[in-house]
Amino acid sequence: MGLFALMTDLRRVRPIEERAVQASGPDPPGLVVAFLTQLIALQEAENFLVRDIRCRPVGSPPTALLAQVRGEPFDPARHSRHFEVKAATFHELMVDLDTHRARVIVDI
């Protein structure tokens, strides 16, 4: 959700439409970058802002995931535009499977 919080004020995004997103990577860090890349592509291709994410990891440790994301298309009358995120990077990427947290630096 941090990715989309960089793009807009999430309090204004309604979870009224759903999209399926899949990603895979060689390891958990690669999976994180691949998933965020899919979300960035969804935003770029459909102008879709995500408000809610439900993920199901595949594998142990996970190397794939299936997700349902809910949100709505960008509406300039209701949504502010903060930053344009161009890519998720591996630079200083940190993934902690025990706490289910990650730190990702993105290109804006």
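Just so you know, all these numbers are worked out from the coordinates, no wet-lab data involved. The shown structure was predicted, so the numbers you read here are calculated from the model rather than taken from an experiment. Glycine gets a Cβ as well: all are built from the backbone with ideal geometry, and neighbour counts include every protein chain shown.
Pairs only if they're at least six apart or on different chains, beta carbon under 7 angstrom, first in the range 68-89 and farther than 12 Å from Leu10 by Cβ, second among the hydrophobic types (A, V, I, L, M, F, W, C) and assigned to a loop (DSSP other than H, G, I, E, B); list them, first residue then second.
Close Cβ pairs satisfying both conditions: Phe83/Ile108; Glu84/Ile108; Val85/Ile108; Lys86/Ile108; Ala88/Val104; Thr89/Ile105.
Taking into account only those residues within the range 39-56 that are touching a Lys or Arg at 6+ places or on another chain (Cβ under 9 Å) and among the basic types (Lys, Arg), which is surrounded by the fewest Cβ atoms within 10 Å (Cβ to Cβ)?
The qualifying residue surrounded by the fewest Cβ atoms within 10 Å (Cβ to Cβ) is Arg54.
With the requirement that a residue be more than 13 Å from the chain's Cα centre (by Cα), surrounded by fewer than 17 Cβ atoms within 10 Å (Cβ to Cβ) and assigned to a strand (DSSP E or B), what does the range 57-85 give you?
Pro57, Val58, Gly59, Ala64, Pro73
I'd like to know if the range 34-45 contains one or more residues that are part of a loop (DSSP other than H, G, I, E, B), closer than 17 Å to Phe90 by Cβ and among the small types (Gly, Ala, Ser).
no
Is one or more of the residues making up the range 6-17 in contact (Cβ under 8 Å) with a residue 60 or more places away in the chain, closer than 24 Å to Thr99 by Cα and either out of contact with any Lys or Arg (no Cβ under 8 Å at 6 or more places or on another chain) or crowded, with 16+ Cβ neighbours inside 10 Å (or both)?
yes
Starting from residues that are assigned to a loop (DSSP other than H, G, I, E, B), charged (D, E, K, R) and in contact with a strand residue (DSSP E or B) (Cβ under 8 Å, 6 or more places away or on another chain), keep the ones in the range 86-108 and report whichever is surrounded by the most Cβ atoms within 10 Å (Cβ to Cβ).
The extreme case among them is Lys86.
Does Leu36 satisfy the condition of being closer than 15 Å to Met7 by Cβ, out of contact with any Ser or Thr (no Cβ under 9 Å at 6 or more places or on another chain) and surrounded by 11 or more Cβ atoms within 10 Å (Cβ to Cβ)?
Spelling it out, Leu36 is indeed closer than 15 Å to Met7 by Cβ, out of contact with any Ser or Thr (no Cβ under 9 Å at 6 or more places or on another chain) and surrounded by 11 or more Cβ atoms within 10 Å (Cβ to Cβ).
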